[in-house]
């Protein structure tokens, strides 16, 4: 069964966002970043990201666990991403989101 890493990012608005700007523009930036990693062959985007409670979750697969966690760590260190991101290592058999082993991000 293939590993899936869920990247959980707190749903916090980008600081100092103008009133006419989408307040969580970092979501698009993360999606663009993950597409770049996918184009490079480093990871595969498993599914579209989604809002889940007070976090936004991105899903990646297509590499070994260490590589997936390294990619998740890079996401957590993007300038616009709110602090407090973490990863969940799971697989497609998980009955719901957030099931698996939690890994704090960024990795040390």
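The values are calculated or read from the model by the stated rules, or taken from the named source; none is laboratory data. Note that the coordinates shown come from a computational prediction; the quantities given were computed from them, not determined experimentally. Every residue, glycine as well, gets a Cβ built from its backbone with ideal geometry; the counts of neighbours run over all protein chains shown.
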Among the candidates 71, 76, residue that is modelled with pLDDT of 95 or more, buried (at least 16 other Cβ atoms within 10 Å of the Cβ) and either in contact with a strand residue (DSSP E or B) (Cβ under 7 Å, 6 or more places away or on another chain) or over 12 Å from residue 106 (Cα atoms) (or both): 71
Complete set of residues in the stretch 5-33 that are at pLDDT 90 or above, farther than 19 Å from residue 91 by Cβ and in contact with a helix residue (DSSP H, G or I) (Cβ under 8 Å, 6 or more places away or on another chain): 9, 30, 33
Filter result for the condition that a residue is touching a helix residue (DSSP H, G or I) at 6+ places or on another chain (Cβ under 9 Å), closer than 24 Å to residue 2 by Cβ and modelled with pLDDT under 95, over 48, 92: 48
